[in-house]
Every structure is written in C-alpha cells, then in structure tokens.
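Input: a single structure, listed below in structure tokens.
The values are calculated or read from the model by the stated rules, or taken from the named source; none is laboratory data. Computed from a prediction, not measured in an experiment: that's the story for all the values here. Here the Cβ positions follow ideal geometry from the backbone for every residue, glycine too, while neighbour counts run over all protein chains shown. Accessible surface is based on the protein model in full, side chains and every heavy atom, while ligands, DNA and RNA are left aside. Shrake-Rupley method; radii C 1.70, N 1.55, O 1.52, S 1.80 Å.
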Amino acid sequence: MRITPCQAALAAAIALNLLLLLCSRLSPASSPPCRDVPKTSPKGVTVILRDFYGPEHDLAATSRSFSSLPGVPVLVVAEAPPYPPVPLPAGVTVLWLRPEPHRPPPRPELAVVTRHVAFVPDGARAAPGLLRHMRDALESTRDAAVKMVAAGVGKRRPKCLGLEVDIKAWTARYSHQDDQNDQNDQNEHRAVRCGALDETPVVLLLRTRDLFSLPFPLTSPVVTSLSLQASLRGWRLLLLPSSFPSPPRLPPSPRSLWKAQNELEKARKNLLELFGLKLELLPDGRRRWHGCTKETPRCFGTIHAQTPQYLLSGRWTPPCCLQALRITARHVLDQLESSGIRHWLEGGSLLGAVRLGDIIPWDYDVDVGLYLEDVPKCPWLAAVVATGQPVEDPEGFYWEKAAEGEFFRVHFSRANRLHVDLWPFRPDARGMMTKETWLGHPQDVEFPRSFLEPLGSVLFAGAAARAPNRPRQFLELKFGPGAVERPQYPNPGV
C-alpha cells in the first residue's frame with residue numbers, strides 16, 4: 001500500500017508524541033527531564049529600591065543610575081505609588097504592596113527572576129562591577145552562615161555589630177562585635193563578618209531564594225528587618241571594603257527633613273510592632289522602648305485562668321510592662337513605708353524577690369500584704385475608703401478598691417492598668433493572719449503571725465522591700481516544698 005505524504009507526517013507526529021509520553025513515564029524522578037527546562041533563575045542581580053522617605057527623595061536618579069547597568073533589572077517596591085508622581089526610567093518595574101480590591105494580590109516573589117537581589121538605599125549610585133563582585137563574594141565564601149553581603153554607600157564605612165533577638169523577652173540586643181575572628185580592627189581593606197550593621201546606608205545583596213524564605217522579605221526599613229530575621233536564623237553577613245558612590249545633594253528643606261524622619265520612625269515602629277519587639281538595647285547602653293507607657297494601655301488584655309495570652313504565645317511579660325510594674329511597686333512601697341503602714345511582699349512577688357531579686361519574668365502584677373488596721377494611715381487608701389471612688393495621686397498612679405473583693409489596687413496610670421494588689425490582713429485569736437477575700441489561688445492561705453514579728457527585708461525591683469522574717473519557709477507554706485528552686489508557670493496545666 002502506498003503511503004501519502006500527509007499520512008507519513010501524521011504517523012511521525014503520533015510516534016513523536018508516544019515517545020515523549022513514554023519518556024515522561026519511564027524516567028525516574030532523579031533523572032534529568034526529557035526536554036531542556038531551566039531549573040534555576042537566570043544569573044544576575046535584581047536591584048530593589050525599597051526605602052525612600054519624604055517628598056524630596058532621590059528615587060528617580062537612583063533608579064536611573066542602576067538601570068543603566070547592562071542586564072540589571074530594577075524594581076521599585078512601595079506600599080503605594082509615591083506622591084507627587086516620580087518620572088522613572090523606561091524598563092524600571094514598579095510593585096505596590098498594598099492590596100486593592102480591584103487588582104490581583106501583590107506577588108513580590110514573582111517579580112524577581114534573577115538568582116540574587118540587592119537592596120539599594122535612596123541616594124546611592126551604581127559602581128561598575130561592584131554588584132557582580134558582591135555576588136561573587138557571596139558565592140565563593142566557605143562560611144555556610146554567611147547569607148548576605150553588604151557594601152557601604154558614600155565615604156562613611158558601616159560598623160559591625162552583634163545582634164541577639166530574644167523573642168521570649170520581646171527584646172533585640174545590639175552590641176559592639178568582640179569576636180576576634182569578626183572584628184574589623186579598623187581595617188578598611190578586607191571583608192569582615194558581622195551579625196548586624198549600624199544605621200549607615202548600605203547596599204545589601206543576598207540570594208533570591210533566601211530572601212523569599214523569610215516571613216517578612218520586604219518589610220521596611222529593609223536592612224533592620226533583614227538583620228532581625230537573619231539573627232533568628234543564625235545568618236551572618238559579609239561587609240566588603242568597597243563602597244558605592246553617593247553624590248552630594250542639596251540639603252532638604254526643614255519640612256521635608258521632618259517628614260522624611262517622621263516616615264522613617266513610623267516605619268521602624270510598625271516593623272518592631274510586627275516583630276513583637278518592645279525594647280532595643282543599643283551598643284552604647286541606651287534603651288529604645290517601643291511598648292506601653294503611662295499614656296497608653298498595657299500590652300496585654302484581660303487574664304483568664306491566671307494565664308496571660310503572651311504565655312500561650314511562648315513569650316514572657318513584655319519588658320515595658322515589667323518596667324512599669326517595677327516603677328509602680330517602688331512607688332507604692334515608698335508610700336506605705338512613709339505612711340507607717342506595716343506591709344510585706346506576698347505570693348509570687350515574694351517568690352521572685354527570693355529567687356531573683358526582681359519580678360518573676362512572666363508575672364503580670366505585684367502582690368503586697370498589709371495590716372488592715374493600718375489602712376487609714378495612707379492618705380490615698382483613706383480617700384478611697386472614705387469616698388468609695390478611685391484617687392489619682394500627684395505622680396499619676398491610680399488608687400482604687402478592687403471590684404473582686406475587699407482589697408485595693410494601685411495602677412501605673414488611669415490608662416495603663418498594670419497594677420499592685422494590696423491585701424489587707426488581720427490577726428485572729430489563733431495567732432494567724434487572715435483576710436476577708438480569698439480568690440482560690442493555691443498560695444492564698446492563712447499563715448502564723450510570727451512570720452511578721454519582726455518583719456524582714458529582701459531585694460526587690462532594685463530596692464529593699466519589707467518581707468516575712470523567714471521568707472523561704474513562708475513561701476514553702478504557701479507554694480509547697482522546693483518552691484524557690486522550682487520555677488513554674490501559674491497554671492502549668494494550660
């Protein structure tokens with residue numbers, strides 16, 4: 001039988017399809033695919049412009065400089081288009097992160113097709129070959145912990161810092177890097193490993209797959225954000241001696257400078273709130289607080305079953321709350337002492353004093369016992385008893401009768417309800433100290449009056465505080481044997 005050209009072409013097409021199908025079915029998963037499909041992103045570096053603040057930013061000139069490099073895509077990333085509008089060079093891609101109901105959701109990981117990305121700060125200028133040098137330095141290092149490479153911008157060289165992020169304590173601790181292998185020794189001619197960098201502008205390069213493995217890959221300010229996330233993963237960065245140029249610019253107007261600083265501070269505040277960090281300990285010993293104050297509510301809500309929500313999240317008491325408790329406790333103890341009221345640390349507060357000399361790291365209030373007959377000696381307590389209304393003292397602490405029973409509370413402020421509980425006790429005919437209200441806590445028991453005759457003293461929250469004269473025996477009576485040596489959450493079953 002004679003085969004026509006059309007039949008021959010059809011047969012060839014069928015045979016080719018069968019061959020491809022057989023290849024796909026028989027090839028093991030570890031073998032190369034039958035057709036040549038690239039498995040990795042193209043080599044190269046995508047420049048990302050993320051941090052630019054104020055109306056007088058340099059976004060247009062910065063993007064123009066880096067987009068002039070051959071084969072270097074430039075991506076501008078922001079929550080919304082900058083206003084007033086900025087004329088960007090042709091070929092620069094813009095990605096807005098804020099979702100909008102009439103647009104598809106932003107997918108930043110799809111906007112980068114190169115193996116590496118470089119975050120470039122506002123005002124930097126491209127330097128021939130330097131991005132490639134950074135990429136080669138990252139790929140050639142033998143230190144598996146090095147996941148980022150940095151280069152300064154302008155004449156000022158960044159300084160290496162140590163960084164420890166303590167999620168449980170809501171704290172980021174920066175330090176002067178003292179590892180002999182990591183010190184820069186003021187040597188500006190070699191690369192050095194760092195845990196973090198100071199706030200000097202830098203270009204930061206890393207692998208695209210590492211960037212998008214992070215939960216917050218594009219959160220601003222980006223260098224701070226990446227440094228915090230890197231610290232939690234044990235990543236290090238390599239600081240090169242090279243730097244990118246930064247041309248002189250006219251100084252911004254006072255209003256523009258104020259606006260830019262305000263936007264940067266807002267971005268930092270949002271970042272730390274997102275990461276759940278309330279305190280930054282800086283290398284020079286200063287502290288930057290980002291938590292509650294007298295003017296704001298406390299950082300946690302109503303407590304159920306003696307278990308604050310933060311414990312369920314694997315965290316301890318926010319440091320700003322601990323600090324407010326210390327301040328409130330010292331104020332209340334001073335007021336009781338100056339009024340001649342016999343008082344002593346109670347419950348978990350005494351336990352923290354004996355164990356640590358401080359508040360237990362996961363505690364949320366301070367407990368103080370006092371003699372019921374001495375209550376009228378304190379003017380603030382006397383006013384509460386006389387009027388039945390809360391009283392605010394001259395330093396802004398808020399004294400009131402507790403709604404749960406016959407005891408008092410002193411709050412850090414009218415707005416911030418971190419508090420000290422004052423428990424009035426009275427002696428009975430048995431020589432025991434008792435009170436009118438019992439809340440059912442395991443340690444909420446009567447005790448011999450002899451523990452208070454005479455009163456002793458312990459260190460608590462940075463000062464001496466009154467305490468039962470045999471504090472260890474007192475605590476074992478309330479909490480059981482070995483209570484001091486056996487730390488335990490208030491509700492371990494939960």
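Are there any helices in the chain, counted as whole DSSP H runs, that stretch 20 Å or more along their axis by Cα and score at least 1.0 on average by Kyte-Doolittle, and if so which?
Details: long enough: 5-26 (31 Å, 1.67); 254-275 (31 Å, -0.89); 319-338 (28 Å, 0.16).
In the chain, the long hydrophobic H runs are 5-26.
Measuring from centroid to centroid over Cα atoms, what is the spacing of region 435-458 and region 42-74 in Å? If we compute the Cα centre of each part, the gap is 67 Å. Judged by the ratio a/c of the largest to the smallest principal axis of the C-alpha gyration tensor, region 204-288 counts as oblate, that ratio being 1.5 or greater while a/b is no larger than b/c.
May I ask you to derive the FRET efficiency for T200 and D393 from their Cβ-Cβ distance with R0 = 51 Å, giving the value to the nearest 0.05?
Working: r = 46 Å, r/R0 = 0.90.
For R0 = 51 Å, the calculated efficiency reads 0.65.
Nearest-5 percent of antiparallel DSSP beta bridges in the chain? Working shown, then result.
Numbers: 46 of 73 bridges.
Bridges in the chain that DSSP calls antiparallel: roughly 65 percent.
Between the residues G480, A467, A429, the greatest Cα displacement towards the positive end of the dipole of region 395-494, with unit charges on the Cβ of Lys, Arg, Asp and Glu, is found for A467. Cross-link partners for K478 among the lysines, with Cα-Cα distance under 29 Å and sequence neighbours closer than 8 places in the same chain left out: K168, K377, K401, K435.
Compute the longest continuous run of the chain that contains no exposed GluC sites (Glu not before Pro); treat a site as exposed when its DSSP state is not H, G, I, E or B and it has at most 16 other Cβ atoms within 10 Å.
80-187
Please list Y174, Y53, Y489 from largest to smallest accessible area, probe radius 1.4 Å, with all protein chains kept in place. Display every interim value, and only then the final one.
Numbers: Y174 35, Y53 55, Y489 90 Å².
So the residues, ranked largest to smallest area, are Y489, Y53, Y174.
Using helices alone, I'd like the mean residue ellipticity at 222 nm for the chain: each DSSP H run of four-plus residues gives -39500 (n - 2.57), total over residue count, nearest 500. Please list the in-between numbers first.
Values: 11 runs with 132 residues, N = 494.
That comes out to -8500 deg cm²/dmol.
Candidate cross-link partners of K266 among the lysines, defined by an alpha-carbon separation under 17 Å and a same-chain spacing of 8 or more, comprise K278. Its convex hull of Cα atoms gives the chain a direction-averaged projected area, equal to a quarter of the hull surface, of 38.0 nm². By the compact-protein rule of thumb, 2.2 N^0.38 Å, the alpha-carbon radius of gyration of region 312-479 corresponds to a ratio of 0.98. For region 360-375, 3J(HN,Hα) computed residue by residue from phi via the Karplus equation (6.51, -1.76, 1.60; θ = phi - 60°) reads 4, x, 10, 7, 10, 7, 10, 10, 10, x, 8, 6, 4, 5, 8, 3 Hz, glycine and proline entered as x.
Under the 0.36 nm per residue contour assumption, what length would be gained going from the current alpha-carbon distance of R286 and E79 to full extension? Walk me through the intermediate numbers first.
On the way: separation 207, 0.36 × 207 = 74.52 nm, distance 3.17 nm.
Gain in length upon complete extension: 71.3 nm.
Considering only the other residues whose Cβ falls under 15 Å of the Cβ of P471, what net charge follows from Lys and Arg at +1 and Asp and Glu at -1? Don't jump to the answer; show the numbers that get you there.
Details: positive: R355, R466, R470, R472, K478; negative: E346, D358, D367, E453, E476, E485.
It works out to a net charge of -1.
Between the alpha-carbon centers of region 90-165 and region 384-408, tell me the distance in whole angstrom. Here the two parts' Cα centres lie 55 Å apart. Region 237-278 and region 191-215 have their alpha-carbon centroids 16 Å apart. The trypsin sites (Lys or Arg not before Pro) of region 196-279 that meet both conditions, a loop assignment by DSSP and at most 16 other Cβ atoms within 10 Å of the site Cβ, are R249. Annotation: amide H-H contacts under 5 Å for H116 (H modelled 1.01 Å from N, sequence separation of 5 or more, or interchain): G44, T46, T208.
State the antiparallel share, in %, of DSSP beta bridges confined to region 312-479, rounding to the nearest 5. All intermediate terms of the calculation are to be shown ahead of the outcome.
Working: 22 of 28 bridges.
Given both bridge residues lie in region 312-479, the antiparallel proportion sits at roughly 80 percent.
Determine the sum of side-chain charges near G54: Lys and Arg each +1, Asp and Glu each -1, restricted to other residues whose C-beta is under 14 angstrom from that of G54. Show your work: numbers first, answer last.
Values: positive: R249, R255, K259, K266; negative: D51, E56, D58, D122, E263, E265.
Summing Lys/Arg as +1 and Asp/Glu as -1 gives -2.
Using just the Cα positions, wrap region 443-494 in a convex hull and report its mean projected area in square nanometres, one decimal place.
Working: hull surface 18.0 nm².
Its Cα hull, projected and averaged over all orientations, spans 4.5 nm².
Fully extending the segment from R486 to I167 would add 112.5 nm, taking 0.36 nm per residue of separation and subtracting the current Cα-Cα distance.
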